[in-house]
Structure formats: structure tokens, C-alpha cells
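The values are calculated or read from the model by the stated rules, or taken from the named source; none is laboratory data. Here the structure is a predicted model, which means the values were calculated and not measured. Ideal geometry is used to build each Cβ from the backbone, glycine not excepted, and the neighbour counts take in all protein chains shown. Note: accessible area is taken over every heavy atom of the protein model, side chains too, but ligands, DNA and RNA are not part of it. Shrake-Rupley method; radii C 1.70, N 1.55, O 1.52, S 1.80 Å.
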Amino acid sequence: MASTYFGDHLPKRQYEELSEMYALSDVWGAKILTQALMRRAVTDVQRIIQVRDEKPSLQNLVRSGVVGEAMLENITAAENELEKECQEVGRLIGWAPFSMKL
């Protein structure tokens, strides 16, 4: 089940669509795919920073009973998705096995 914490990952979808249209063996295709992969990775890093900033506060809110466990489960699901996403991006750039522990 996909997390709804971040919503759509537009740069990921764009990269996947471009990878169907262009080949890495083509000079221009390699440039286009590299740029798209960079945009995807930048979005991933922004999301990692967001989770690192928001999770401790959310944990405190859950402990104090202000919000329910469902919100914490949602951010945990987002963390798991980010881990898989980082592994995939790492594989695509040749850093496999790659892990971005949150």
C-alpha cells in the first residue's frame, strides 16, 4: 500500500516515462535521463529531510494523545517507501547496494 504522506512523486513518474522514450546509449537520451534522475533524487532528499524534521514532533503528539497512531503509521510507511526509493535511485546511478537510513 502506498503512503499518502507525500502524495504523487512527479519526478519519479517523469523519469519512468522518459526512460521509455530515451536510451542511455544515446548521447541526448543519457543527458535527459541524467537530469530527470537528478530531479528525482533531489525530491527524495527533500522528503527525507521533511520526515526527519516532522517525525519526532509527531511521536510526541502521539505520546501525549493529541493525534492518533494512524498518523505515525503513515509517516512510518513513508519512511519505508523512501528507503525503497533511495535503493532504486542508488541502483540506477550505480551505487547498489545503497541505503539511506532515516
For the pair MET38 and SER25, the simple spin-label estimate (label points 7 Å beyond Cα toward Cβ) gives in nm 2.5 nm
Around THR43, with a cut-off of 14 angstrom between Cβ atoms, what is the net charge of the other residues, counting Lys and Arg +1 and Asp and Glu -1? -1
Of every hundred units of 1.4 Å-probe accessible area on the stretch 1-61, the number belonging to carbon and sulfur atoms, as a percent, is 58 percent
Within the stretch 71-88: backbone nitrogen closer than 18 Å to the ILE49 label point (7 Å, Cα to C-beta): 79, 82-83, 86
Please name whichever of ASN60, HIS9, ASN80 sits farthest to the positive end of the charge dipole of the chain, dipole taken about the Cα centre and charges placed at Cβ: Lys and Arg +1, Asp and Glu -1. ASN60
Under 15 Å Cα to Cα from LYS12, which aspartates and glutamates show up? Leave out anything in the same chain fewer than 8 places away. GLU20, ASP44, GLU81, GLU83, GLU85, GLU88
If one takes the longest principal axis of the Cα atoms in the chain, at what angle in degrees, from 0 to 90 and to the nearest 10, does the Cα axis of helix 69-93 lie? 20 degrees
Could you tell me which label, among (i) -0.81, -1.13, -1.19, -1.23; (ii) -0.54, -1.00, -1.20, -1.32; (iii) -0.41, -1.01, -1.31, -1.48, carries the value of log10 I(q)/I(0) by the Debye sum over Cα atoms at q = 0.13, 0.20, 0.23, 0.25 Å⁻¹ calculated for this structure? (ii)
Full-extension gain in nm, ASN60 to ILE93, via 0.36 nm per residue minus C-alpha separation: 8.2 nm
For the chain, report the accessible area per residue in Å² (1.4 Å probe, heavy atoms, rounded to an integer). 67 Å²
